[in-house]
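Below is one structure; the comments refer to it alone.
Each value in this text was obtained by applying a stated rule to the coordinates, not by laboratory testing. Owing to the predicted nature of the structure, the values given are computational and were not obtained by experimental measurement. When we count neighbours, we look across all protein chains shown, and the Cβ atoms used for this are built from the backbone with ideal geometry, even at glycine.
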Amino acid sequence: MAELLITDQRLKPIAAKVLRGERLSQEDGVALYRSPDILAVGWLANHVREKRHGDVTYFNVNRHINPTNVCVAHCKLCAFGRDPNAPGAYTFALEEIYQRAEQGVREGATEFHMVGGLHPDLPFEYFLDMIRGLKRRCPTVHLKAFTMVEVGYFARIAKLSIKETLQKMKDAGVDSLPGGGAEIFHPRVRKLICDHKVSGQMWLSIARQAHELGLHSNATMLYGHVETEEERVDHLLKLRELQDQTHGFVTFIPLAFHPDNTALSHIPKPTGYDDLRNIAVSRLLLDNFAHIKAYWIMLSPAIAQIALRFGANDLDGTVVEEKIYHDAGAVTSEFTSRADLERFIRAAGRVPVERDTLYNPVDRSKMPPIPPPTRPDLVSLTLNV
Ligand code: V47
């Protein structure tokens, strides 16, 4: 292996720990965030990534479905949520969700990623019906549905415990949970960016209970707003601690804050440098997470490709219809083809492997060819409840 040239002396003991396979501390994490030597930080993260995965880089064929953007939480970080009668508010009829899903199946999707607003009038049973209907129509597709924040809200409106809520979701057909809503766990930050959301402690407790019921989940961290480096490291170490206990997290996704159209629009966007550093530090601190995702929609394909040399081993998927980032000013495309994902990965000198949600390889050789993705008319069946 090529030798590591370190220009920042403070990184030397940390590099020695990484090369010995030792766990890093809170102080190490802060030093990695503060070091000007981004290439050394990236080199170390790439070392760990290659030790675990070699050149293999994963992607999937998925479809995002956001059932509603009506939301009572009013998080300052968010440009997606709307009041029920606000311009642009929508709630899909179940038929419209099924139409999107069936189109997804025709286009080769192996996963539906489902996240939405906290709707004031839709009961928990509506979402269970949605899941049952999706499972009946698309039995081979993995349903990665509802963040810990939505689970906490469902439990509240249905007057159930978190465990009962998760069990009902599982019985209806939910296969795993996405990683959203984690933001930054520290209460100081949550008060400023999402004060009506479940607490960080509650997010972790819901994740723990999901894992205990056999539901895997992802985890995220939203960076680039009001948080400090110490608060980022604290967030990562809390995830690492829970993962030691449950082994239920599949993938970690650092999410770059997009400020446009949010109540925090005065905050400048994170830079490419921030993006690569967050990927690298996550890989180095989260030594018990197998997968670190460079979510191409949020990072741009160009930065996501470089991230594959800074610790990431996954690009996410074809997506098709993305609202949360595009409402907040993302200028990336909303979908990309399977062929383009493979091309991005190959051009970064890596080996593309299509995966399902739980990282089993997908063999397309005996499946019908994938047609280009299409988007149904967004307003045709849209229902405002
Ligand atoms: O929970 C909301 C974040 C998340 C903004 O699990 C914002 O595989 C930036 O969790 N700027 C939803 N971020 C997205 C998400 C996700 C994405 C891809 C894959 C997976 C997975 C999960 O987006 C929210 C919140 O943390 N978010 N608004 C914004 N203005």
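Table for the structure above
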item	result
Hydrodynamic radius by Kirkwood, which averages 1/r over all alpha carbon pairs of region 257-297, in angstrom	12.0 Å
Net charge dipole size for the chain [Lys, Arg +1 and Asp, Glu -1 on Cβ; Debye, nearest 20]	500 debye
Region 210-357, dipole about Cα centre (Lys/Arg Cβ +1, Asp/Glu Cβ -1), debye to the nearest 20	520 debye
Selection from G54, I97, L5, by position along the positive dipole direction of region 1-111 (Cβ)	L5
Kirkwood-based Rg to Rh ratio, region 14-72, C-alpha trace	1.21
Mean Cβ count within 10 Å, highest first, over the residues of peptides 55-62, 146-153	146-153, 55-62
Reciprocal mean inverse distance between Cα atoms of the chain - Kirkwood radius, Å	21.2 Å
Inter-label distance, nm, simple model (7 Å from Cα along the C-beta direction), L94/V331	4.3 nm
Cα gyration tensor of region 177-255 - equivalent ellipsoid semi-axes, whole Å, descending	21, 13, 11
Reduced Cα scattering model of region 54-134, Debye log10 I(q)/I(0), q = 0.14 Å⁻¹	-0.56
Cα centroid separation - region 272-321 against region 16-86, whole Å	6 Å
Computed helical MRE - 222 nm, the chain, DSSP H runs ≥ 4 contributing -39500 (n - 2.57), nearest 500	-12500 deg cm²/dmol
Test item: Cα-centred dipole of region 228-270, Lys/Arg +1 and Asp/Glu -1 on Cβ, debye	160 debye
Largest-first principal axis extents of the Cα set of region 249-332 (Å)	36, 27, 24
Average silhouette area of region 3-122, convex hull of alpha-carbon atoms, in square nanometres	12.0 nm²
Point-to-point label distance, H247-L358, nm (Cα→Cβ direction, 7 Å offset)	1.3 nm
Per principal axis, descending, Cα span of region 230-385 in whole Å	46, 44, 34
Ordering of 120-130, 304-314 by packing [mean C-beta count within 10 Å, highest first]	304-314, 120-130
All-pairs Cα distance distribution in region 163-221, expressed in whole percent, bin size 5 Å	4, 19, 28, 21, 15, 10, 4, 0
Region 118-264, Rg to Rh (Cα coordinates; Rh as Kirkwood inverse mean 1/r)	0.97
